1. Inspect region 122-132 for any residue being under 19 Å from Leu260 (Cα atoms) and acidic (Asp, Glu) and give the result as yes or no.
2. Please verify whether Pro11 is modelled with pLDDT under 85, outside any loop (DSSP other than H, G, I, E, B) and within 30 Å of Ala148 (Cβ to Cβ), treating the condition exactly as stated.
3. Of all residues in region 231-256, count the ones that are surrounded by fewer than 24 Cβ atoms within 10 Å (Cβ to Cβ) and either in a loop (DSSP other than H, G, I, E, B) or more than 12 Å from the chain's Cα centre (by Cα) (or both).
4. Does Ile178 meet the test of being touching a Leu at 6+ places or on another chain (Cβ under 7 Å), among the β-branched types (Val, Ile, Thr) and touching a residue at least 24 places away in the same chain (Cβ under 8 Å)?
5. Sort through Leu124, Leu164, Leu101 and tell me the only one that's without any contact (Cβ under 8 Å) to a residue 40 or more places away in the chain and either surrounded by 12 or more Cβ atoms within 10 Å (Cβ to Cβ) or assigned to a helix (DSSP H, G or I) (or both).
6. Which numbered condition trips up Met151, out of (1) among the hydrophobic types (A, V, I, L, M, F, W, C); (2) more than 18 Å from Val218 (Cα to Cα); (3) loosely packed, with under 15 Cβ neighbours inside 10 Å?
7. Within the bounds of region 144-158, is there any residue that is under 30 Å from Arg264 (Cα atoms), among the aliphatic types (A, V, I, L, M) and modelled with pLDDT of 85 or more?
8. Checking the condition on the phi > 0 side of the Ramachandran plot and surrounded by 11 or more Cβ atoms within 10 Å (Cβ to Cβ), which residue from Ala9, Ala94, Ala38, Ala57 passes?
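The values are calculated or read from the model by the stated rules, or taken from the named source; none is laboratory data. It should be emphasised that the depicted structure is a prediction, and the values quoted were computed from it without experimental measurement. For neighbour counting, all protein chains shown are included, and Cβ atoms are generated from backbone atoms with ideal geometry for every residue, glycine included.
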Amino acid sequence: MKKVYVQAAAPYRMLPDDINLWYVRNKDGGMVPFSAFATSRWETGSPRLERYNGYSAVEIVGEAAPGVSTGTAMDIMESLVKQLPNGFGLEWTAMSYQERLSGAQAPALYAISLLVVFLCLAALYESWSVPFSVMLVVPLGVIGALLATWMRGLENDVYFQVGLLTVIGLSAKNAILIVEFANEMNQKGHDLFEATLHACRQRLRPILMTSLAFIFGVLPMATSTGAGSGGQHAVGTGVMGGMISATILAIYFVPLFFVLVRRRFPLKPRPE
């Protein structure tokens, strides 16, 4: 079981009097402001001793400075704790703990996703060499996702990593449209270079249509506002940047990769 904290947008929760801006629904279905039936005042309670896992603790809540990723800020915090005297330690909780946990799993997840895509392509083309021409386009989409995130000053957080996994599959999709058609024509006896050029001409429109549809589909996420928009910005910006770069660069590089791989590993005639 995980706790879920619901909070208003930052401009509506920074001051104590902001609670008067909130509304609740009465029994008749109307919206009534808090100020109509409640008042707020400061009160000082008894001291509270914080404990974590049985040890005396001090809870520190904050956020990274603008332009600094949460991972970098957490690394700095850990380096500062090492300078403290013996007996002091640091433990992460909530989102920071989840980020540390998922950060350790990210390389394995990327490797598994690439392996699954490669095996599916190997089964589709009945070849171990042709899928390489598809997989070589994946870094082009990743570069676009990283560049778009950097240009907007966003962080390399859990949300962005989820979007990056999506970019891996979508980048391969554009390459598959070209490689599948070119490989089929090449197997029918057409010249490798001519088959590749013909595949590019025939698959250009489907690539542009599907890519633009997906780019405009994630555009609302990249431009969303309000509570929870930070995570949507990370996913939407990463996916949109990756799709743009993968679409533009794939048109030029996928044919090149396919020709190079096919010349390095020529097509073997199938037994009669």
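1. Scanning region 122-132 turns up at least one residue that is under 19 Å from Leu260 (Cα atoms) and acidic (Asp, Glu).
2. On the way: modelled with pLDDT under 85: yes; outside any loop (DSSP other than H, G, I, E, B): yes; within 30 Å of Ala148 (Cβ to Cβ): yes.
Answer is yes for this residue.
3. Final tally of qualifying residues: 10.
4. On the way: touching a Leu at 6+ places or on another chain (Cβ under 7 Å): no; among the β-branched types (Val, Ile, Thr): yes; touching a residue at least 24 places away in the same chain (Cβ under 8 Å): yes.
When the stated conditions are applied, Ile178 does not pass them.
5. Values: Leu124 fails: without any contact (Cβ under 8 Å) to a residue 40 or more places away in the chain; Leu164 fails: without any contact (Cβ under 8 Å) to a residue 40 or more places away in the chain.
Exactly one of Leu124, Leu164, Leu101 is without any contact (Cβ under 8 Å) to a residue 40 or more places away in the chain and either surrounded by 12 or more Cβ atoms within 10 Å (Cβ to Cβ) or assigned to a helix (DSSP H, G or I) (or both), namely Leu101.
6. Checking Met151 against (1) among the hydrophobic types (A, V, I, L, M, F, W, C); (2) more than 18 Å from Val218 (Cα to Cα); (3) loosely packed, with under 15 Cβ neighbours inside 10 Å, the one that fails is (2).
7. In the first step, residues of region 144-158 are kept if they are under 30 Å from Arg264 (Cα atoms); the result is 144.
When the remaining residues are screened for being among the aliphatic types (A, V, I, L, M), the result is none.
Looking for residues that are under 30 Å from Arg264 (Cα atoms), among the aliphatic types (A, V, I, L, M) and modelled with pLDDT of 85 or more, one finds none in region 144-158, hence no.
8. Working: Ala9 fails: on the phi > 0 side of the Ramachandran plot; Ala38 fails: on the phi > 0 side of the Ramachandran plot; Ala57 fails: on the phi > 0 side of the Ramachandran plot.
Testing whether each residue is on the phi > 0 side of the Ramachandran plot and surrounded by 11 or more Cβ atoms within 10 Å (Cβ to Cβ) leaves just Ala94.
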